[in-house]
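Data block below; observations after.
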Amino acid sequence: MNQPDQILAAMACVVSAAAVLLAAFLTHCTRIRPEPQPARGDAVEQWLRAQRDVHSDKYGVTPAWFILDDLLNLYRLHADTATPLDQHCCEGNGCDCLEVAP
């Protein structure tokens, strides 16, 4: 192999290595962190449960307590089904989302 061919081969190796490094860098820099998903026992569930319990300690079981309890149950359903909070999630009980149009 003559000198110009050796130089071209060396340059090709450098370019190839640079391309691999650039690809790795871009993959690392552009990695999108997924939105946190609801999970059983996470901080949000604990906070909702605490708010519900504080309410019942202060005022007893009131309509507001049932609202908090329903919200906590809905959060848990989202967690159990791995459904993001901005998407609909139900058990199909009385929900018209499962009804098929005629």
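All of the numbers you see were taken from the coordinates with simple rules; none came from a lab. What you are looking at is a predicted structure, and each value in this text was computed from that prediction instead of being measured. Backbone-built Cβ (ideal geometry, glycine too); neighbour counts: all protein chains shown.
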Practice item. May I ask you to sort Tyr75, Tyr59 by Cβ crowding, counting other Cβ atoms within 10 Å and putting the fewest first? Key: Tyr59, Tyr75
Revision key, fill the gap. Going fewest to most other Cβ atoms within 10 Å around each Cβ, Glu91, Glu45, Glu35 line up as Glu35, Glu91, Glu45
Practice item. Please state the charge dipole magnitude for segment 38-91, taken about the Cα centre, from unit charges on C-beta atoms (+1 on K and R, -1 on D and E), reported in debye and rounded to the nearest 20. Key: 140 debye
